[in-house]
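Notes to accompany the following structure.
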Ligand SMILES: *[C@@H]1O[C@H](CO)[C@@H](O)[C@H](O)[C@H]1NC(C)=O
Ligand SMILES: *[C@@H]1O[C@H](CO)[C@@H](O)[C@H](O)[C@H]1NC(C)=O
Ligand SMILES: [Cu+2]
């Protein structure tokens, strides 16, 4: 099932020696950048504070009033990813949509839960190069997200071991545990050469597919369980640290040619049927096909990013500059 994540091999003969530094300047209406750091760059107190805020979302009453069955804000966030799961993946707006979802999550932590920090990311390359997924400190039961699933698949320890998920592909009234199934073999996908191959791709429409394939798939597949499901994966709090990591890679790519890549977009809006079949997704819900503001099956700057009213609608153009008003962030 993990192999489902692997698609569209992009092979490059180029290797670069440096991935560049992800630093951005605040622009427009963004006055104070959210400084997003590696989990491992946070102090122990900052780690505990993030976990407190993440747990707060799980205990916070729903805010939209429009997600049927939602018992808390976590359910609402989970649902927006599930509901649109068939057409925010394997499409040109894959990276922008997830960038905005990360921002929404960061804003909710700050506004609803008094979190003063920024969204951290999981340094997957660092953990891959230093050893086994089973040893990675980000899965610490106290200063991390708890570890692997047990015999029943459910996470056994840490701050999210009691997390009950209510949203699934089938229902808004489900009850299932946060599961994981660590599998070291997929961690190789997180390797440096896979990242370097994507970094040297010049066209956005090739680059997003490259990042999607191995750097993105690695984190989902190596954790497995809920994270191993393309649609339900956002039920695991690790999802946001994984996607922030991916977003940082994309931002590094954008920064390598800011003159062109702060407006670079493209790709299909509707995933090819062959991929939908392979990953177990189905075609777009007809009621939502026209939701995105594009005139045809190509993602443009006008494409609407919609998060179920959790945060206001924005367009792809609004999120391409990480230091702009909407995202207002930098990666360290
Ligand atoms: C990196 O992973 C790819 C598979 O995604 C593999 O083909 C390649 O050999 C790996 N490279 C290294 C240096 O481990
Ligand atoms: C946001 O976008 C969605 C999808 O296009 C649309 O259904 C909804 O009405 C929009 N919301 C607002 C407030 O414009
Ligand atoms: Cu996703």
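Any read-out appearing in this document is the output of simple, stated calculations on the displayed coordinates, not a laboratory observation. Small disclaimer: the values here were computed from a predicted structure and weren't measured. Don't worry about glycine lacking a Cβ; one is built from the backbone with ideal geometry, like all the others, and counts go over all protein chains shown.
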> So for the pair residue 43, residue 274, with labels modelled 7 Å out along Cα→Cβ, what separation do we get in nm?
Replying inline: 5.4
> Quick one: if you stick a label point 7 Å off each Cα along the C-beta vector at residue 173 and residue 157, how many nm between them?
Replying inline: 3.8
>> What distance in nm separates the two pseudo spin-label positions at residue 140 and residue 202, each 7 Å out from Cα along the beta-carbon direction?
In response: 4.5
> Per Stokes-Einstein, at 37 °C and 0.692 mPa s, what whole-number D in µm² s⁻¹ belongs to the chain, with the Kirkwood radius over Cα pairs as the hydrodynamic radius?
Replying inline: 166
>> Give me 177, 328 sorted ascending by neighbouring Cβ count inside 10 Å, so fewest comes first.
In response: 177, 328
> Using r as the Cβ-Cβ distance of residue 32 and residue 112, and R0 as 25 Å, what FRET efficiency do you calculate, to the nearest 0.05?
Replying inline: 0.85
> So between residue 325 and residue 68, what do we pick up on full extension, going 0.36 nm a residue minus the alpha carbon distance?
Replying inline: 89.4 nm
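Using Cα-Cα distances under 8 Å and only pairs 6 or more residues apart, what relative contact order does the chain have, in percent? Could you put the intermediate results ahead of the total?
Working: 603 pairs, mean separation 95.9, N = 332.
Result for the chain is 29 percent.
Rounded to a whole number, what is D in µm²/s for segment 105-175 from Stokes-Einstein with the Kirkwood radius over alpha-carbon pairs (4 °C, 1.567 mPa s)? Write down the numbers at each step before the final one.
On the way: Rh = 14.6 Å.
Once the numbers are plugged in, D ends up at 89 µm²/s.
How high is the FRET efficiency between residue 184 and residue 297 when r is their beta carbon distance and R₀ equals 41 Å, given to the nearest 0.05? Before the final figure, lay out each step's value.
On the way: r = 39 Å, r/R0 = 0.94.
With a Förster radius of 41 Å, E is 0.60.
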>> Counting only helical runs of four or more DSSP H residues, what would the 222 nm mean residue ellipticity of the chain come to if each run contributes -39,500 (n - 2.57) and the total is spread over all its residues?
In response: -9500 deg cm²/dmol
>> If you average the alpha carbon positions of segment 184-228 and of segment 49-122, how far apart do those two centres end up, in angstrom?
In response: 22
> For the chain, modelled as a GNM with alpha-carbon contacts under 10 angstrom, which of 40, 90, 211 fluctuates the most?
Replying inline: 40
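Starting from 0.36 nm per residue, how many nanometres of slack lie between residue 192 and residue 59 once their C-alpha separation is accounted for? Could you put the intermediate results ahead of the total?
Working: separation 133, 0.36 × 133 = 47.88 nm, distance 3.80 nm.
Additional length available on full extension: 44.1 nm.
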